[in-house]
Amino acid sequence: SKGSRIWDIDGNEYIDLVNGFGQTAFGHTPDFVVDAVTRQMQRGFAIGPQSDLAGPVAERFAKMVGHARATFCNTGSEAVMAAMRIARTVTGRDRIVVFSNDYHGQFDEVLVKGRKAGSDPAALPIAPGIPRSGLANMVVLPYDQPESLDWIRDNIASIAGVIVEPVQSRHPNLRPRDFVATLRDITRDGGAALVMDEVVTGFRVGPRGMQGVWGIEPDMATYGKVVGGGMPIGMLAGSAKFMDALDGGMWSFGDDSLPEVMPTFFAGTFVRHPLIVAAVDATLDHLEKHGDTLWVDTAKRTADTVAQMNAALAARGLPALIETYSSWFVPHLTDYDANAALLFPLMREAGIHTQIGYPCIVTTAHTEADLQRVVDAFIAAVDTLQGIGILQPQDGTATTAPSVSAPAPSRGAAPVKAIPLTETQREIWMTSQQGETASCSFNESASLELVGPLDPEALRRALEQVIARHDGLRMVFARTGESFDILAPYELPLALHDVSGAADPRAEAQRLIAEDAAREIDIVTGPPLRAFLIRLDAETHVLVIDAHHIVCDGWSYNVLTTDLAAFYREAVTGTPAGLAPAPSFAAFATSSAQRQPSPETRAFWQAQFADLPEIPELPTDRPRPALKSFRGATCTAHISGDVMRAARKAGAKQGCTLFATLFAGLQIVMGRLSGSDDVVLGVPTGGQALLEDQNLIGHCVNFLPIRARQAAGATVA
């Protein structure tokens, strides 16, 4: 590899856009790094004695990034790990907060994801082999959401540090300065550390990274990639208050001074390796002399390249699906059409090395001719895919573009036609055809109580933006039930019912909600969603949204309300919504029709139900009707906190979650009530949980029939 080029084992040459996943900003094997490392190799690279360059380079590095002290690590992951340990040492607290879609390295505590919206914040492992017991002190919150700030503020007394990737490498359009500035205030006031993970952005967007761009001073910041010039490196810089925990603080030889801070432990055999320190020294030299080539010129050429690519997409009836910032960009074509993953091998075939799921990095070594070849290869690949039915134009899906805020809905363009229903949609379709009452039983109604001053028109526009953004909210169905179409974005009326003068405003509101739920939603003509507003008093409103279950499930409502909040906040405050691209339900349904269960999956379920249990007869307080009806109701019972804690504790002793514990209890109860030793319970599962991008609106619920045989007199334990 050299410069912007790499060669494979067969001698084929490629323009490289992966570039070591961002570890170089100057092209492969830059001469200034090779020369520095060669000189150091000739001098020797003993490990044990301290490199004579280590102190001066650390001091120089700290000065460039604007922090009091700096230290070396082997990788960016190590730098994050060190920052967490320091934060815990200095604050005496254990809890660390990170944000969804951030990446902070490859050790267990940061390989985490959050729970779905509406659940208590926690951290869940993203891969096998990561014990949940080791994540008890980690919390994952949504990025750039006001409720995340509220949670941190409310729990700051237990938080050692908050780690933020200021610009997420895979969502570079999302740059929430105000959110991070508020984080800075909350952590400073609450005595917690704010750590900026600048492994990607450090020295790539400017000499001080996003700290310099935004003018926000964290307590610590982590670095890597660019500053090593292609060699493995991680660095940590920060204030003396925190960094002194590594070595006890400043002291001098020859006098009575001593380290005054109790240090933690952080070390590694190859930390401050002489060859690596020499590479960092040379890279800092190069940045001081030629930094603007990266920070200004390369960033501009990257923006121009992406503009050409997005313009080519627009000319082909597609939205702008490429995000960019500084000198990297991220194609999001698979969010629009999963089969667009074929773009990447087509690019490689054309001599452009790209890799699905990773950012494309432009370096100072990439020439104008290189970037024009990238654009030409991209356009040719898109044309090839469109020629075989992939990446077809869909009206309104421009709102899935990774722009900072979604554009206003377009009007009157041709809708998408004849998408096959998913299997679960077909089940709902057939049931809803049994009559108006049957169809109304699938009305999914949500009521959001809004307290405070409200701008109804801004709320209506925000709802329209959500509808334009998610094609699942624009589905209408063929009368045969064989397919659905996607409408163009539509105007949504938002009637206001003022019940503030009623004797009991809340009772009147409930009457209106019940009346609405009893009205059928026409899923053939559409639209499949309606909404209205109830005014309880000057400061209290209820937004009622009613969608047919065939287009919207419970998971979808969480996505809908999150996006609605972002668009409304944008409308009334001007704060950009900053939403990443929304996946297309039409694309999801199309790809679902092409998927078949694996032989192992099919064999498992066939074995589970090789014989069928008897239908249980449960004791009821009234006889079943002769004919099945859709009349139903909801009974709500509250479980006390003491009972819940006892159940959780009992389950934990058996290695079970609270869900598994309560589920087992329900199976036992159903078995006792029915007199059956073979009980099958259906568990609704959100299909979105299996997707890489879980922000999909549509009907994705699957019922898993869990079968359990039990001996007479069995107990949960």
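FYI, it's all coordinate maths here, none of it is from the lab. All figures in this text were calculated on a predicted structure; none of them were measured in a lab. Quick reminder, even Gly has a Cβ in these numbers, built from the backbone with ideal geometry, and neighbours come from all protein chains shown.
Quick look at the numbers
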quantity	calculated
Separation in nanometres of the label points that stand 7 Å from Cα toward Cβ, at Thr601 and His638	4.1
Label-to-label distance, nm, for residues given as Arg506 and Thr269 (7 Å Cα→Cβ offset)	6.7
Length added when fully stretched, Leu681-Asp94, from 0.36 nm per residue minus Cα-Cα	207.3 nm
Spacing of the two label points (7 Å from each Cα toward its C-beta) at Ala127 and Gln594, in nm	2.7
Convex hull volume per residue in cubic angstrom - Cα atoms of the stretch 3-148	227
Within straight-line cross-link reach of Lys417, aspartates and glutamates at Cα separation under 14 Å, skipping those fewer than 8 residues along the same chain	Asp395, Asp471, Glu482, Asp485
Chain lengthening between Gln308 and Glu617 when straightened (0.36 nm per residue, less Cα-Cα)	104.6 nm
Segment Ser239-Arg115, extension gain: residue separation times 0.36 nm, minus the distance between their alpha carbons	41.3 nm
Order of His470, His638 under a 10 Å beta carbon neighbour criterion, fewest first	His638, His470
Label zone at Gln50 (point 7 Å along Cα-to-Cβ), backbone N below 15 Å, the stretch 217-254	244, 246-254
Translational D in µm²/s for the stretch 402-593 (Stokes-Einstein at 25 °C, 0.890 mPa s, Kirkwood Rh from C-alpha pairs)	140
Part-to-part distance (alpha-carbon centres) for the stretch 281-316 and the stretch 140-189, which is given in Å	28
Cβ-based exposure ranking for Trp295, Trp605, in which fewest neighbours within 10 Å come first	Trp605, Trp295
Helix-derived mean residue ellipticity, 222 nm - over the chain, DSSP H n ≥ 4, -39500 (n - 2.57), to 500	-11000 deg cm²/dmol
Cα-derived Rg over Rh, computed across the stretch 145-215 with Rh taken as Kirkwood radius	0.98
FRET efficiency, 1/(1 + (r/R0)^6) with R0 56 Å, evaluated for Ser252 and Leu448 via beta carbons	0.35
Cross-link reach list, lysines versus Lys649, counting only Cα pairs under 18 Å and skipping chain neighbours closer than eight places	none
Computed magnitude of the charge dipole of the chain (debye, nearest 20; Cβ of K, R +1, Cβ of D, E -1)	920
Size-normalised alpha-carbon gyration radius of the stretch 155-306, reference 2.2 N^0.38 Å	1.20
Fewest-first ranking of Leu371, Leu318, using other Cβ atoms within 10 Å as the exposure measure	Leu371, Leu318
Contact order normalised by residue count of the chain, Cα under 8 Å, 6+ apart, percent	12
Cα gyration tensor, the stretch 47-272 - rounded (a/c under 1.5), prolate or oblate	prolate
